[in-house]
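Novice: Let me begin by handing over the structure; questions about it come next.
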Amino acid sequence: METFMKDFLQDLVTHTHSLGFIPLVKIISSDKETMVESIADDRSVVLSAKTHSPVADLDGTFGMPNLNKLDIHLRCPEYKDNAKINVVKQNRNNEVVPTGLHFENATGDFENDYRFMSMEIINDRLKTAKLKNINWDIEFEPNLGSVNRLKFQAQAHSEEETFQVKTENGNLVFQFGDASTHAGSFVFQQGITGKLKQVWAWPVSKVQSILNLPGDISIKISDGGAMQITVDSGIAEYNYILPAYSK
């Protein structure tokens, strides 16, 4: 199995399917770049990603559905060592396009085919929101301690589906609940530059899931009501944009 192809597929599944709310992705690939787009079923997260190097043999635009099935193939012990993964291509409308992946173990007696979704179908199924011209008021790189503090507060306020974000005395503060409920707050990031005039809310579970992904993480927040969490896995840079809920 070609190492980079396998690494890319595993990286893709880890940063999409494992989150629990991204069931399929759109691939736009050429010999110059490979990009990934998707959106959560409830449109609460918009994903755009780009690999650091183009993925060979994936030239074209197509969908990758049923990522759980792809995950099963990648984790199968039969394909662990010296296995093959080939991109299957067909001629459609006088153009050779990728149509799937063929998995085969080293001895050739265990195989599977994973089918891609055509460009026409994925374009119809996955109408990603284009969020442009966002002015980011706050940018920083969170530390592991802050991510763990968020985890503890989320456990203490498990009845809350969202948390609020505000700036206070040069700090970024996350708050759970309000005066009429059990409430809690903590400083997520100290010494930030920029301020938020509005108090926005974001979904606890989705933010936590993204922050728990492997890679280098950075966060941007807009006073216009958006948060972007960027995860650089070393293979690709994944940008997750979460529109805020008003409070």
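Novice: Within segment 69-107, can you find the residues that are closer than 21 Å to Lys32 by Cα, out of contact with any Phe, Trp or Tyr (no Cβ under 8 Å at 6 or more places or on another chain) and surrounded by 14 or more Cβ atoms within 10 Å (Cβ to Cβ)?
Specialist: Within segment 69-107, Asn86, Val87, Val88, Lys89 meet the criteria.
Novice: Please give the number of the condition Val97 fails out of (1) at pLDDT below 95; (2) out of contact with any Gly (no Cβ under 6 Å at 6 or more places or on another chain).
Specialist: (2)
Condition check ((1) charged (D, E, K, R); (2) surrounded by 16 or more Cβ atoms within 10 Å (Cβ to Cβ)) across all residues:
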residue: Met5; (1), (2): no, yes
residue: Leu9; (1), (2): no, yes
residue: Leu12; (1), (2): no, yes
residue: Gly20; (1), (2): no, no
residue: Lys26; (1), (2): yes, yes
residue: Val36; (1), (2): no, yes
residue: Ser48; (1), (2): no, yes
residue: Phe62; (1), (2): no, yes
residue: Leu67; (1), (2): no, yes
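Novice: Sticking with this one: I'm trying to understand the selection: among the residues of segment 2-31, which are assigned to a helix (DSSP H, G or I) and polar (S, T, N, Q)?
Specialist: From segment 2-31, those assigned to a helix (DSSP H, G or I) are 3-14, 17-19; that's our starting set.
Scanning segment 2-31 gives Thr3, Gln10, Thr14, Ser18.
Novice: Residues of segment 221-247 being hydroxyl-bearing (Ser, Thr, Tyr) and open to solvent by less than 40 Å² (accessible area, probe 1.4 Å), which ones?
Specialist: Those that are hydroxyl-bearing (Ser, Thr, Tyr) and open to solvent by less than 40 Å² (accessible area, probe 1.4 Å): Ser222, Thr230, Ser233, Tyr238, Tyr240.
Novice: Just to be sure I understand the filter: pairs with C-beta atoms under 8 Å, separated by 6 or more residues or on different chains, first member in segment 32-48 and closer than 16 Å to Ser205 by Cα and part of a loop (DSSP other than H, G, I, E, B), second member of a type in the set (Lys, Arg) and at pLDDT 95 or above. Which pairs pass?
Specialist: Once the first residue is closer than 16 Å to Ser205 by Cα and part of a loop (DSSP other than H, G, I, E, B) and sits in segment 32-48, its partners that are of a type in the set (Lys, Arg) and at pLDDT 95 or above give Ala40/Lys206; Ser44/Lys206; Val45/Lys206.
Novice: A further question follows. Between Thr181, Thr193, which is without any contact (Cβ under 8 Å) to a residue 24 or more places away in the chain, open to solvent by 10 Å² or more (accessible area, probe 1.4 Å) and in a loop (DSSP other than H, G, I, E, B)?
Specialist: Just one listed residue meets the conditions, Thr181.
Novice: With under 26 Å from Asp42 (Cβ atoms), of a type in the set (Ser, Thr, Tyr) and either part of a strand (DSSP E or B) or modelled with pLDDT of 95 or more (or both) as the only criterion, which of Thr167, Thr230 stands out? Outline the logic, then answer.
Specialist: Numbers: Thr167 fails: under 26 Å from Asp42 (Cβ atoms).
Exactly one residue qualifies, and that residue is Thr230.
Novice: Within segment 205-220, identify whether any single residue is open to solvent by 40 Å² or more (accessible area, probe 1.4 Å), in a strand (DSSP E or B) and in contact (Cβ under 8 Å) with a residue 40 or more places away in the chain, and answer yes or no.
Specialist: Among the residues of segment 205-220, at least one is open to solvent by 40 Å² or more (accessible area, probe 1.4 Å), in a strand (DSSP E or B) and in contact (Cβ under 8 Å) with a residue 40 or more places away in the chain, which makes the answer yes.
Novice: Quick one: would you say Tyr114 is among the hydroxyl-bearing types (Ser, Thr, Tyr), more than 20 Å from Ser233 (Cα to Cα), buried (at least 18 other Cβ atoms within 10 Å of the Cβ) and modelled with pLDDT of 95 or more? Even if it seems obvious, please write down each step before you answer.
Specialist: Numbers: among the hydroxyl-bearing types (Ser, Thr, Tyr): yes; more than 20 Å from Ser233 (Cα to Cα): yes; buried (at least 18 other Cβ atoms within 10 Å of the Cβ): yes; modelled with pLDDT of 95 or more: yes.
Yes, satisfied.
Novice: Follow-up question, since we're still on this one. If we keep just the residues of segment 134-164 that are within 16 Å of Tyr240 (Cβ to Cβ) and assigned to a helix (DSSP H, G or I), which is least open to solvent (accessible area, probe 1.4 Å)?
Specialist: The residue in question is Leu150.
The values are calculated or read from the model by the stated rules, or taken from the named source; none is laboratory data. Model, not experiment: these values are computed from the prediction. FYI the Cβ positions are ideal-geometry reconstructions off the backbone, even for glycines, and counts take in every protein chain you see. Heads up: the accessible areas ignore ligands, DNA and RNA and are worked out on the full protein's heavy atoms, side chains in. Shrake-Rupley method; radii C 1.70, N 1.55, O 1.52, S 1.80 Å.
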